[in-house]
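Please read the structure below before turning to the comments.
The values are calculated or read from the model by the stated rules, or taken from the named source; none is laboratory data. Everything numeric in this text was worked out from a predicted model, so none of it was measured. Neighbour counts run over all protein chains shown; Cβ positions are idealised from the backbone, glycine included.
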Amino acid sequence: MQLNAQTAVIGQGVIFIPYRREHVKLYRSWLSRIEGGSVDVINIEEEYNVPDAWENSEDTCVFVVLAIPRNRPDGDFTDEEIKGLPSIGVVQLFLGSGDRGRMAEVMIFIGETEYIKAGYDYDALGLLLSYASSSESGLHLSPYNFYVRIPVINDHFKALFRKFGFDQEKAVPDHPEYVELSAGRVSWDADFDLRDWPS
């Protein structure tokens, strides 16, 4: 979105950079792997227009997740070092209005499954929630106004979100295969730094 189209978020285990055209092929390869080799929601020419639309959006925030090696010493990263880190997934926020004011639907997608086993999905979700609910983000979101919709059968992600206080559960109308979890308590406080990210 316009607000953070030039922003990198530097966390402890992961780094977020804006989703751009150069990430499209990798993102589609992740989806293709999950979908069994076929991605036909939109063709790739249309897909290349999506990052531009998101960048100019007022209600959609999308970052690529980069993994910081577990054995890397703490310290500052140069832009070139950040660009050399492996891309492992994306995180998204879809902003809207609800009965409690400004709301955000959270989505997290780790396309490289070995990084899930190493706990990077936990790092990514903690960083996203901490950033989005902070004054530095400019998103003006209450920490209690996040929610996520997860397939009923996805026990891993239900457990992941519950670790962060998403303990209010309800059914999704017309979509019985999903469950909606919302934040009933705040269980995140990840440290982060912000950096201008070049186009």
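Being modelled with pLDDT of 95 or more and either touching a Pro at 6+ places or on another chain (Cβ under 6 Å) or hydroxyl-bearing (Ser, Thr, Tyr) (or both) is a condition met by at least one residue of segment 147-162. Exactly one residue out of Gly89, Gly119, Gly111 is over 13 Å from the mean Cα position of the chain (by Cα) and among the small types (Gly, Ala, Ser): that is Gly119.
Residues that are at pLDDT below 75, surrounded by 11 or more Cβ atoms within 10 Å (Cβ to Cβ), within 22 Å of Asp196 (Cβ to Cβ) and not charged (D, E, K, R): does segment 36-54 have at least one? Scanning segment 36-54, I find at least one residue that is at pLDDT below 75, surrounded by 11 or more Cβ atoms within 10 Å (Cβ to Cβ), within 22 Å of Asp196 (Cβ to Cβ) and not charged (D, E, K, R), so the answer is yes.
For segment 75-109, the set of residues classified as surrounded by fewer than 16 Cβ atoms within 10 Å (Cβ to Cβ) and aliphatic (A, V, I, L, M) consists of Met107 only. Suppose we filter segment 94-125 for residues that are free of Cβ contacts under 8 Å to residues at least 12 places away in the same chain and either part of a strand (DSSP E or B) or of a type in the set (Phe, Trp, Tyr) (or both); how many remain? Final tally of qualifying residues: 1. Listed by first and then second residue, the pairs linking a residue in segment 187-198 that is touching a residue at least 24 places away in the same chain (Cβ under 8 Å) and over 12 Å from Ile17 (Cβ atoms) to a residue that is among the basic types (Lys, Arg) and surrounded by fewer than 18 Cβ atoms within 10 Å (Cβ to Cβ), with Cβ atoms under 8 Å apart and 6 or more places separating them unless they lie on different chains, are Ser187/Lys163. Which members of segment 67-103 meet the condition of being of a type in the set (A, V, I, L, M, F, W, C) and under 19 Å from Leu26 (Cβ atoms)? Across segment 67-103, the qualifying residues are Ala67, Ile68, Ile82, Leu85, Ile88, Val90, Val91. Considering (1) at pLDDT 80 or above; (2) surrounded by 15 or more Cβ atoms within 10 Å (Cβ to Cβ); (3) within 19 Å of the chain's Cα centre (by Cα), say which one Gln6 fails and leave the rest. Every listed condition holds for Gln6 apart from (2). The strands (runs of 3 or more DSSP E) found entirely in segment 142-195 that carry 1 or more residues being within 27 Å of Ile15 (Cα to Cα) and not hydroxyl-bearing (Ser, Thr, Tyr) are 146-151, 178-182.
Hey, does segment 59-77 have a residue that's in a strand (DSSP E or B), on the phi < 0 side of the Ramachandran plot and among the small types (Gly, Ala, Ser)? Let's see the steps before the verdict.
To start, the set of residues in segment 59-77 that are in a strand (DSSP E or B) comprises 60-67.
Now restrict to residues that are on the phi < 0 side of the Ramachandran plot: 60-67.
Now narrow it down to the ones that are among the small types (Gly, Ala, Ser): 67.
Yes: segment 59-77 contains one or more residues that are in a strand (DSSP E or B), on the phi < 0 side of the Ramachandran plot and among the small types (Gly, Ala, Ser).
Restricting attention to segment 142-159, and to residues there that are free of Cβ contacts under 8 Å to residues at least 40 places away in the same chain, of a type in the set (A, V, I, L, M, F, W, C) and surrounded by 12 or more Cβ atoms within 10 Å (Cβ to Cβ), which single residue is nearest to Pro18 (Cα to Cα)?
At the first step, the residues of segment 142-159 found to be free of Cβ contacts under 8 Å to residues at least 40 places away in the same chain are 150-155, 158-159.
Okay, now just the ones that are also of a type in the set (A, V, I, L, M, F, W, C), so 150, 152-153, 159.
Still in the list and also surrounded by 12 or more Cβ atoms within 10 Å (Cβ to Cβ): 150, 152.
On the way: Ile150: 24, Val152: 30 Å.
Among residues in segment 142-159 that are free of Cβ contacts under 8 Å to residues at least 40 places away in the same chain, of a type in the set (A, V, I, L, M, F, W, C) and surrounded by 12 or more Cβ atoms within 10 Å (Cβ to Cβ), the one nearest to Pro18 (Cα to Cα) is Ile150.
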